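S.K.: Below you will find the structure I want to go over with you.
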Amino acid sequence: MGKSVFIAEKPSVAQEFGKALHENFTRRDGFLESDNYIVTWCVGHLVTMSYPEKYDEKLKRWSFDTLPFLPEKFLYEVIPSVEKQFNIVKGVLNREDVETIYVCTDSGREGEYIYRLVEQMAGVHDKKEKRVWIDSQTEEEILKGIRTAKDLSEYNNLSDAAYLRAKEDYLMGINFSRVLTLKYGRNISNYLKTDRTVVSVGRVMTCVLGMIVRREREIRAFVKTPFFRVITKAQIAESSFEAEWRVTEKSRYYQTPYLYKENGFKERKYAEELAAFLSEPLPAEGTVESIERKKETKNPPLLYNLAEIQNECSKLFKISPDQTLNIIQELYEKKLVTYPRTDARVLSSAVCKEISKNISGLINYEPVKAFAQDIISGEKFKGIEKTRYCDNKKITDHYAIIPTGQGLGALKSLSQTAARTYEIIVRRFLSIFYPAAVYSRVSLALECKNERFNASFKVLVDEGYLKVAKNSFAKASKQDDQDGNGTDDGKADAALLEALKKCRKNDKLSLVGFDIKEGETSPPKRYNSGSIILAMENAGQLIEDEELRAQIKGSGIGTSATRAEILKKLNNIGYISTNKKTQIITPTQLGEIIYEVVEKSIVHLLNPELTASWEKGLNYVAEGSITSDEYLQKLEGFVRRRTVAVMRLNNQSQLVGRFNEISKNYK
């Protein structure tokens, strides 16, 4: 009987497989070997797509004559810096004594692609190939993955989608970057007084640049509108509270042009006029027109996927999505959490059946020890599979990011930010086993001289899951915001609450004064590194066409595995700038000029519709709904048409005027 090879994506993962197999391994150069097994590894990608000059030396020079570039057969090559490891892997995979290859690269589209390229370049044949698909790096999960490994052929559709994603980025990047550089590069260089400008564009990258530039332009175009609200102070028993004027049909200002929305005025003089009218005499009398008391509940949020945790870490720790991904990857490799690159925010029914193991392990994690014990002893985990936190239909490759309950010894080696990130993942996870938080809301309406004033109070009655969700490092005010005290609700102390309990319809309250509060409308907020990731994930919400929005539901711009890298690239090439302290993102002058060039040439690249629909198409290939040939045909047609259309344009001189307009904002 021949040997089995386990090939991982990186050395650290290979080490975990080696440990899990419990064999007496000897370390060789680039692999581990025992009597029965060989464990080897890639170092990320070992193989890449060849540049155009490998097809023909003439293609090294950028020229309209060689565009569009659409090869009949794509060429690949070993990456020079990792050639030694590739040759080791190639030798191991093709050994005569090797019978079975277990593919243990990351369980996702990119991991599939990494191995398939190696297999292709190494010329592997006549071997059994099995796919190990795991959600965490615990020994138990690794051994289960090996036991349940399916034939590699069952993942051929996923492999097709992976190859197509790479071809798509390659064809769009090479053709569009070359044609736009040839057409506009000199104009941009002359304008910015630089030596040379390469116009870098990409299927996802350019769309994200578009989102950032459009938001910046919305902010610039925004005109602040002042408004004026009338507030009264009402006395009840020994307490007092504020109430805000709102227009009703009885009001003297009903349907007048002076109003700003239903609770303010466009000009101060009308607010002053109303205050003066109501102040004759003071104190005025307000009649309780209505009082409503009701309970409100707030359910524990869904679990974290990568986009959600990236947004959370951007807000809490002011770190980039790339830094967050590195932290989650570290936690994953130290067996603390499950697979990071996931879009799902729920659990699978299979993991729900064994979820008590994850919770039991957390009894040894001091910050949540009491909660984990409470869940286990009270069997609060039972029935979780019947809740909204379990849904197989909402999972493609992996379920949400949750703690494994293992690897706690590694916590000492973590940075403070990584340790805190682990804590928020743990607390979000344990929250789902607790009931909703319960609030008591009291809303009342007062009438004075046919004018209405409204007040609302929301008080936490039962913490429910919130007692678990409070981070040990959170500041009190921030935590209060998390606890759900909205800004529209007044604060109520015990005395006021007691008085409000006794309050009834038609009661008379004393209104001791009327003040005017000035406000102004706010422009849209700039994206930060977290909110842009969420916006990319939810690209469907940016699409106005309802049918198309439904069609691409669940497909954002890019994937959980690539979004952080895209933002990093936009920063590196100088198209956007991210403030390191605040993580606020703004376009640069060059970035906005590139946006303008793309808008006047290949505007489709700026549309979330196109980008998200391409991603949906790749999902269809992975599901087997369409063939890779059909997809590639559409892709090549798109690239050919757009490239030729740019070559025919003659709008360079018109763009200079737009460059001047843009530059006014960067002086």
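The values are calculated or read from the model by the stated rules, or taken from the named source; none is laboratory data. Since this is a predicted model, take the numbers as computed values, not measurements. Neighbour counts are summed over all protein chains in view; Cβ atoms, including those assigned to glycine, are modelled from backbone coordinates with ideal geometry. These accessible areas exclude ligands, DNA and RNA; they are computed on the full protein's heavy atoms, side chains included. Shrake-Rupley method; radii C 1.70, N 1.55, O 1.52, S 1.80 Å.
S.K.: Here are Ile375, Ile291: which of them is touching a residue at least 24 places away in the same chain (Cβ under 8 Å), open to solvent by less than 20 Å² (accessible area, probe 1.4 Å), at negative phi and not aromatic (Phe, Trp, Tyr)?
M.R.: Testing whether each residue is touching a residue at least 24 places away in the same chain (Cβ under 8 Å), open to solvent by less than 20 Å² (accessible area, probe 1.4 Å), at negative phi and not aromatic (Phe, Trp, Tyr) leaves just Ile375.
S.K.: So Leu316 fits all but one of (1) assigned to a helix (DSSP H, G or I); (2) touching a strand residue (DSSP E or B) at 6+ places or on another chain (Cβ under 8 Å); what number is the exception?
M.R.: (2)
This table checks each residue for (1) at pLDDT below 95; (2) within 21 Å of Ala166 (Cα to Cα).
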{"site": "Ile552", "(1), (2)": "yes, yes"}
{"site": "Ala561", "(1), (2)": "yes, yes"}
{"site": "Leu570", "(1), (2)": "no, yes"}
{"site": "Gly574", "(1), (2)": "no, no"}
{"site": "Gln583", "(1), (2)": "no, no"}
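S.K.: Another one. Consider segment 144-165. How many of its residues are open to solvent by less than 40 Å² (accessible area, probe 1.4 Å) and outside any helix (DSSP H, G or I)?
M.R.: 1
S.K.: Another question, then. Going by what's in this entry, would Leu411 be described as at pLDDT 95 or above and open to solvent by less than 30 Å² (accessible area, probe 1.4 Å)?
M.R.: Criteria not met by Leu411.
S.K.: In addition: Which residues, taken from segment 271-281, are open to solvent by 90 Å² or more (accessible area, probe 1.4 Å) and in contact (Cβ under 8 Å) with a residue 40 or more places away in the chain?
M.R.: If the condition is that a residue be open to solvent by 90 Å² or more (accessible area, probe 1.4 Å) and in contact (Cβ under 8 Å) with a residue 40 or more places away in the chain, then no residue fits.
S.K.: Suppose we keep only residues that are of a type in the set (A, V, I, L, M) and open to solvent by 60 Å² or more (accessible area, probe 1.4 Å) within segment 215-244. Which one would you say is farthest from the chain's Cα centre (by Cα)?
M.R.: In this case the residue turns out to be Ala237.
S.K.: Tell me the residue from Ala344, Ala419 that is surrounded by 21 or more Cβ atoms within 10 Å (Cβ to Cβ) and in contact with a helix residue (DSSP H, G or I) (Cβ under 7 Å, 6 or more places away or on another chain), please.
M.R.: Ala344
S.K.: Determine the pairs where a residue that is free of Cβ contacts under 8 Å to residues at least 24 places away in the same chain, located within segment 22-49, has a partner that is part of a loop (DSSP other than H, G, I, E, B) and open to solvent by 20 Å² or more (accessible area, probe 1.4 Å) with Cβ atoms under 6 Å apart, the partner being 6 or more residues away or on another chain.
M.R.: Matching pairs, first to second residue: Leu32/Phe25; Ser34/Glu23; Ser34/Asn24; Ser34/Phe25.
S.K.: Continuing with the same structure: Across segment 533-550, which residue is modelled with the highest pLDDT among those that are part of a loop (DSSP other than H, G, I, E, B) and surrounded by 15 or more Cβ atoms within 10 Å (Cβ to Cβ)?
M.R.: Filtering first and then ranking leaves Asn538.
S.K.: Does Ile212 meet the test of being within 28 Å of Glu609 (Cβ to Cβ), aliphatic (A, V, I, L, M) and open to solvent by 20 Å² or more (accessible area, probe 1.4 Å)?
M.R.: The answer is no for Ile212.
S.K.: Mind telling me which of the residues Phe17, Phe31, Phe6 ends up being open to solvent by 20 Å² or more (accessible area, probe 1.4 Å) and either under 30 Å from Ile174 (Cβ atoms) or touching a strand residue (DSSP E or B) at 6+ places or on another chain (Cβ under 9 Å) (or both)?
M.R.: Sole residue among the options that is open to solvent by 20 Å² or more (accessible area, probe 1.4 Å) and either under 30 Å from Ile174 (Cβ atoms) or touching a strand residue (DSSP E or B) at 6+ places or on another chain (Cβ under 9 Å) (or both): Phe31.
S.K.: Still on this structure, I have one more. Any chance you could count how many residues in segment 215-252 are without any contact (Cβ under 8 Å) to a residue 60 or more places away in the chain, farther than 21 Å from Ala275 by Cα and either of a type in the set (D, E, K, R) or touching a His at 6+ places or on another chain (Cβ under 6 Å) (or both)?
M.R.: Adding up the residues that qualify gives 1.
S.K.: Looking at Val198, Val208 in this structure, which one is assigned to a helix (DSSP H, G or I) and either under 30 Å from Phe638 (Cβ atoms) or at pLDDT 95 or above (or both)?
M.R.: Being assigned to a helix (DSSP H, G or I) and either under 30 Å from Phe638 (Cβ atoms) or at pLDDT 95 or above (or both) holds for just one of Val198, Val208, which is Val208.
S.K.: If I ask for residues that are of a type in the set (A, V, I, L, M) and not in a helix (DSSP H, G or I), which ones from segment 260-309 would you list?
M.R.: Result: Leu282, Ala284, Val288, Ile291, Leu302, Leu303.
S.K.: Out of all the residues in segment 142-192, which are touching a Cys at 6+ places or on another chain (Cβ under 9 Å) and charged (D, E, K, R)?
M.R.: None; the set is empty.
S.K.: Only one of (1) open to solvent by 40 Å² or more (accessible area, probe 1.4 Å); (2) closer than 21 Å to Gly617 by Cα; (3) of a type outside the set (A, V, I, L, M) is not met by Gly111, so which one is it?
M.R.: Among (1) open to solvent by 40 Å² or more (accessible area, probe 1.4 Å); (2) closer than 21 Å to Gly617 by Cα; (3) of a type outside the set (A, V, I, L, M), the lone unmet condition for Gly111 is (1).
S.K.: Right, something else. Please go through segment 166-202 and pick out each residue that is open to solvent by less than 10 Å² (accessible area, probe 1.4 Å) and of a type in the set (D, E, K, R).
M.R.: Glu168
S.K.: With the condition kept exactly as written, say whether any residue in segment 85-101 is in contact with a strand residue (DSSP E or B) (Cβ under 7 Å, 6 or more places away or on another chain) and under 21 Å from Ala561 (Cβ atoms).
M.R.: no
S.K.: So the check is Cβ under 8 Å with 6+ separation or different chains; which pairs have a first residue in segment 499-525 that's in a loop (DSSP other than H, G, I, E, B) and a second one that's modelled with pLDDT under 95 and surrounded by 12 or more Cβ atoms within 10 Å (Cβ to Cβ)?
M.R.: Cys503/Ile236; Lys525/Ser531
S.K.: Okay, next question. Quickly run through segment 41-75 and pick out the residues that are open to solvent by 20 Å² or more (accessible area, probe 1.4 Å), under 16 Å from Leu171 (Cβ atoms) and under 32 Å from the mean Cα position of the chain (by Cα).
M.R.: Within segment 41-75, Thr48, Met49, Tyr51 qualify.
S.K.: Also: If Glu129 satisfies every condition in (1) assigned to a helix (DSSP H, G or I); (2) open to solvent by 10 Å² or more (accessible area, probe 1.4 Å); (3) charged (D, E, K, R) but one, which is the exception?
M.R.: Checking Glu129 against (1) assigned to a helix (DSSP H, G or I); (2) open to solvent by 10 Å² or more (accessible area, probe 1.4 Å); (3) charged (D, E, K, R), the one that fails is (1).
S.K.: Among the residues in segment 638-652, are any under 20 Å from the mean Cα position of the chain (by Cα), open to solvent by less than 10 Å² (accessible area, probe 1.4 Å) and either over 30 Å from Ala221 (Cα atoms) or acidic (Asp, Glu) (or both)?
M.R.: no
S.K.: Can you tell me which residue among Leu325, Leu303, Leu331 is crowded, with 20+ Cβ neighbours inside 10 Å, closer than 22 Å to Tyr389 by Cα and not hydroxyl-bearing (Ser, Thr, Tyr)?
M.R.: On inspection, the qualifying residue turns out to be Leu303.
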